[in-house]
1. Alpha carbon centre of segment 771-789 versus segment 845-910: separation in Å?
2. Write down the percent of antiparallel bridges among all DSSP beta bridges whose residues are both part of segment 2-205, to the nearest 5.
3. If the cut-off is a Cα-Cα distance under 20 Å, which lysines reach Lys1025, setting aside same-chain residues fewer than 8 apart in sequence?
4. How big is segment 363-462 by Rg and Dmax over its Cα atoms, in Å?
5. Any idea how far apart Asp1029 and Arg394 come out in nm if each label point goes 7 Å out from Cα toward Cβ?
6. Would you order Cys286, Cys295, Cys361, Cys931 from fewest to most other beta-carbon atoms within 10 Å of each residue's own beta-carbon?
7. So how long is each side of segment 975-1015 along the principal axes, counting just the alpha-carbon atoms, biggest first, in Å?
8. Compute the whole-percent fraction of alpha carbon pairs in segment 239-341 spaced more than 15 Å apart.
Amino acid sequence: MEETSNFSTQPWEALSRLTEHEHLGLIYEQSNEILAAVIPFLQSGWEGGEQCLYIAAAGDESNVLKALRESGLQVDAALDTGALVLASAARVSYRHGHFDADQMIAVLEEAATAAQASGYNALRITGEIFREANHDLNHERLLAFQDGLNRFFAHHQALGIFHYHRRQFAPEIWLSLIATHPRVIYRGRLCKNIYYVPPSELKQVNLLERQVDCLLDHLRKQEERTAAADLQPRLLDYVSELVAYQDLEHRILWANRAASESLGLAAHQLEGRRCYELWQNRNQPCPGCPVAKACQTGQPQKNEMVSPDGRAWDVRGYPVRDQSGQLIGALEITLDISQVKRAATALQEKASRYRTLMNACRDGIAIINQDHLVVEANQRFAEMLGYGPEDVTRLHTWDWDVGMTEAEIRANFADLTKTNKMFETRHRRQDGTIYEAEVSASGARVGDTPLVFTVSRDITERRQNEKALRESEQRYRLLVNTIPAVVFKGYPDWSVDFFDDKIEALTGYPKAAFDNRRLKWSDLVLEADQPEAKRIFTQALKTNRAYVQEYRIKHKDGKILWIQARGQIICDQEGKIDHISGVLFDITERKLTEQALQASEAKYRQLVENANSIILRMDPTGRITFFNEFAQKFFGYSENEVLGRNVVGTIVPEIETTGRDLADMIANIAQYPERYVNHENENMRKNGERVWVAWTNKAIFDDQGRVTETLCIGNDMTEYKRAVEALRESEERYRLLFSHSPLGIMHFNQQGIIVACNDKFVEIMGSSQQALIGFDMLKSIRDEAMHTAVMTALGGEIGQYEGDYLSVTGNKLTPLRALFSRVNNDAGEFLGGLCIIEDITERRQAEMALQQEKQKFQALAEQSPLGISLIDKRGVYQYFNPKFIELFGYTPDEIPTGRDWFAKAYPDPVYRQQVISTWINDLKNFGRGKCRRRTFTVTCKDGSQKIIHFRAVTLENLDEFIIYEDITERTQAEEALKESEERFKLLFEYAPDAYFLHDLTGNLINGNQTAEKLGGYRRQELIGKNIMDLPLLDPQQRSLIPGLLAQVAQGQTAGPIELTLSQRYGSKVNVEIRSYPVNFRGQPL
């Protein structure tokens, strides 16, 4: 059987879909399986206004009611209202103690009719009808009953569930039972019965053969499902999304190829590892993880996340349940959306640029939809019409255009996507005033929406200018004769008026022949060239009304001439052609030259291919049409890679590192070739390297004077640009150094005349820029040494000066040092010289102060009772005082360095290494100016050893200042004192008499062991207490104590006196007491 529903977890959903005329078989093994199906079956029926008939086995009625009540169903209320009818199987389906199928069907038909008569929507039947009929059933009786049951359900508003115990019937009966039910409930699942046989076929079918066929068919389907199940994971290896199946602890159980390849691992290497460790380098789930949330909520989740490498991911988590509905894991599907994110950002930036362009445009821009309603407009458009930005989006075209009615506008612009025109019209402002306007309209389809993009320009002023132009035509005529061309005024019928007689020299025909209209210009133009000339004229009429034509005419004497006609179409206020103003040029020679140029193109190409310069051609849009071999090598592109591509983004960056918009420059080269004949710009190679190229551009025109291509010749100037930039930076650094140097700097020429100096030089000289610039040092310097230094520099060597110099221009005496040097260019040519001077006044004062301090230090050091040494940062001793030599016996010649000192002062290599290690560690841990104190045993020259206390300080210049104190005797005295104290302590502690130590006021300080035994108190209990307060003393004898203390305070021995002491546990003991003063430096303590 094939499972269709599981109602053990969701009974309402499974059984609520049962419909009338359907009956199911419920095969059960335990009674709770009956309740799992019957309870929702009954509840759903009552909620749907249906009557329920429960057929219970004989004697089982009370058990059924008890089970239904315990399930929570309102059984008693249903019995009272008649919604539930409980019947015995013995009454319903048995007659004379045997199962009677006809009796059963008759009872059911009676119940169905009664239910309908009582107003119920249907009758629901459930129960067990064959429990007592096992011995009466056989294949034929069962089929007869099922045939009647099928007819009953087919003709009545009824549905049913009949119960069959799994162990009640023989196998052949089960075969018949299963074959008669299209759907069966078994083990809590509603299953489609693959063994079902329609009633009409039951008598003709061998059920055993049918069962074998079904089993074989089931095996075939199971194999197909197994193959499909095996194929499913492999199918996921062909999707681009990262797919991983995880358990509830986020451990990966399976992953597809895209997931493993994203980490550079094999699929099995992902199994058992956690997703957040692999992709996010984390030790716990990511915040906002949709997979974790799906595991928590049991619902699909999604979120956007960013991995450590900056990529954006669309992550989706889907909960996975087992057949019982238990959540067992989650499926994670991840898609890299980094490009989508970048595209969205680029789209936003593009929209921002579009909005900026819209608002910056000086013309009015409006976007209009199919209803001719403004969808969007810029600020200028609203200002032109006198509306606010929000008000203008409520306007239709006819609200401001007075040149056409609404009907005309709808007719002329029926299909916006085909609109592409420029026209002149009149617009009405909000205040009713009218102005002339020129409108350019271009249609397009944005998505599914047709729109037209319009650009409107107020041409009122232009109209006025045109009128003024017509009025000044007479003055214009006077200038015509000076133009090296034929000026004409033409009309739509090709008739022309010429303003001078030069037309006869051009065509051979007199001016009068055209004036009296005997000749039209079309009579001279070759018939083959007229269609193109008309096309250009028509196109100009649709655009800016200016045109350039090139065509051939036939001279009166028969020769053929090439003519270039440049004209401007002039229209009246209604837009009709008034006339054409223009000039005619004889370009026959140019055309012949062009033909000769074309003939030599093969030679030119050969030259271009072999040139050591970049040569390329590009069309007016910037697309590359030719790229010579040198250009290919220079930029790194092959010809196939580069032809047809736009120079912008290929060899020209959109934005130069200087900030210049190169895309705009390329667009302008074709439009304004005369501006870019020679220019420099930054380019880029295929590998991204930026280079600078100097370009020479030449525009190539067609017969109509339009630019068809631009020839570009370039030379690499990257190194030159870098050299210029380096020179600029060098000059800038020198300028800063020159202006802000703490030293005086001065330049002089080949004649020794000062040509420049900085402010510090002026300050040192005590002079001014005016007095110093132009000063001739060779003629005016009085100081002979300074004069010699200048001459030395002019001779090509370094000139030096140090001394007290008296300035000639400032009359200032300054101690200074000067350095003069000669300056040559790269060719070795003598240009002049450079002088740097330093005011050494402060240095001299510091040297004097230092000398005085040295003298003071030397006087102190020489008389010091302590040894002193000074060792520089190289480890070389600079000074020993006499006490150092006295202490150790070593002279500077014997220990010139610290290394020599360590070798002689610490001959034991192990001890020496300890001393050196300690010394080095101190140098690392103590900063400059910090005193380092250490005590070492030093071996003197005579072999004796002394205990020396070192005090070492690192000075700012990293020299070491060290003081040596001999503490040998003090150390020995301290050790002797320590030994004496130790002997006293032993004598005091273990003396046979009791000893107490107290101060002069009688406060106990200590006691020995005998004192503890005598009184029975531990000394810690008595220390700090006064003798007068001790429990040892008899109160009547305490008056004797102050006399003893007074004698001791005077340094006298007191006693002996006899006292009676009270011991701790009540005993009395007689003692003799003597008190002795303890003196320190003659004073009793």
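We did not get these values from a lab; they are worked out from the coordinates using the rules stated. Because the structure is predicted, anything quoted here is derived from the model rather than measured. Cβ: placed from backbone, ideal geometry, glycine included. Neighbour counts: every protein chain shown.
1. That distance is 49 Å.
2. Antiparallel: roughly 30 percent of the beta bridges in segment 2-205.
3. Straight-distance partners of Lys1025: Lys1013.
4. Radius of gyration, then largest Cα-Cα span, for segment 363-462: 12.5, 40 Å.
5. Placing both labels 7 Å beyond Cα along the Cβ direction yields 10.2 nm.
6. Cys931, Cys361, Cys286, Cys295
7. For segment 975-1015, the Cα extents along the three principal axes come out at 34, 25, 10 Å.
8. 59 percent
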